[in-house]
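The values are calculated or read from the model by the stated rules, or taken from the named source; none is laboratory data. It should be emphasised that the depicted structure is a prediction, and the values quoted were computed from it without experimental measurement. Cβ: placed from backbone, ideal geometry, glycine included. Neighbour counts: every protein chain shown.
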Ligand code: SAM
C-alpha cells in the first residue's frame, strides 16, 4: 500500500455496531474537532468532507449538518401538528438542540423541558454545532441533566407533547426502549397528549420495532409508525413510534398546518409528507400494522 492510500484510509470514520451487523457506513474526516469521554459515553465531533460537522456518540453518528433536518423536522412536527395546541413540551435526549430548535417554531409553545443525561453533549454542541443548538438559550427552554426515565416518573400529567430523541438502545438509552418507560410516558402526558419516540429502522430492527409497537398498543389508545429518510443513519431510514392518549386514529392527518412564516423555515416537513410518512412498504406494513 502506498503512503497516499494509507493516509486516506486513516482519515475515514467508520460506524460499526452490533445493531447493524455485517455493514458499516464511512464518512471522510477533514478534521477532528473534539474527542473526549464523558461520564456516560465517548463524544466525537469532526468536520467531514461532504456532510458538514458530525456528532458521534459511542461510535454512532447522531447528527450531521447536511441531513439533520430530515430527522429533527419529522420527529417534532409529526406530533406537534397532530396536537391542537401544544403548550408544554418535554424532550428526552436530544442534547444537540436540533429538536428544541424545531419545537420553538410553534408559537403556542410556552415551556420546553430538555431532559438530557449528559451535560457534555450540550456543551459540545453549543460550541461546535450552533446550527443545532441555536434554541437552547431561549427563555422558554429549561434544561434538566438527568435520566429521562426517572424524570418522567416524577412528573405525571404534565405535558401535551413528549419527544424522545434518544440514541440507540445500547448504553444509557437502553431504558428508553423498555416497557416501564412507555408506561411513564403515558402517565406524564395530559389526557389529549401525544408522544413521539425514535423507533429505529425497518430495514435493520424489525425484531425491535414490532415488540415496541405491541407494548405501546397495550398502553396507548392509538399507535402508529412513521418514518423519514436520512442518508447518515444506518439503512438510510429511521422511524418514530407516535402514540396518542386519546382515542383518535387520525393522527396521520395533521390537525394544524404550518403558516407561511413557519413553512419558509422548513426543508422536509409539509402536510403532504405528514400523511405520506405513515404509508409503509408492504413488508413493513404486514409486520407492523396487522397485529
Ligand atoms: N438524533 C439522534 C439519533 O437518532 O441518532 C439522537 C441524538 S441525541 C444527541 C441522543 C441523546 O440522548 C444523547 O445526547 C444522549 O446523551 C441522550 N440520552 C441517552 N440516554 C438517555 C437517558 N436515559 N436520559 C436522557 N437522555 C439520554
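Data for the structure
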{"read-out": "Residues (outside any helix (DSSP H, G or I), closer than 18 Å to residue 195 by Cβ and either out of contact with any strand residue (DSSP E or B) (no Cβ under 9 Å at 6 or more places or on another chain) or within 9 Å of the ligand (Cβ to nearest atom) (or both)) located in segment 72-107", "value": "81, 92, 93, 94"}
{"read-out": "Segment 120-137 - residue that is without any contact (Cβ under 8 Å) to a residue 60 or more places away in the chain and touching a strand residue (DSSP E or B) at 6+ places or on another chain (Cβ under 8 Å) and, of those, nearest to residue 41 (Cα to Cα)", "value": "122"}
{"read-out": "Unique match (being within 8 Å of the ligand (Cβ to nearest atom) and crowded, with 22+ Cβ neighbours inside 10 Å) among 55, 114", "value": "55"}
{"read-out": "Among (1) surrounded by 21 or more Cβ atoms within 10 Å (Cβ to Cβ); (2) over 17 Å from the mean Cα position of the chain (by Cα); (3) over 23 Å from residue 187 (Cβ atoms), the one test that residue 216 misses", "value": "(3)"}
{"read-out": "Residue check for residue 23: touching a helix residue (DSSP H, G or I) at 6+ places or on another chain (Cβ under 8 Å), more than 15 Å from the ligand (Cβ to nearest atom) and not assigned by TED's automatic domain parsing to the domain that holds residue 233", "value": "yes"}
{"read-out": "Scan of segment 205-238 for residues that are part of a strand (DSSP E or B), in contact with a helix residue (DSSP H, G or I) (Cβ under 7 Å, 6 or more places away or on another chain) and farther than 20 Å from residue 193 by Cα, ordered by number", "value": "228, 229, 238"}
{"read-out": "Residues within segment 155-173 that are within 16 Å of residue 57 (Cβ to Cβ) and more than 8 Å from the ligand (Cβ to nearest atom), tallied", "value": "3"}
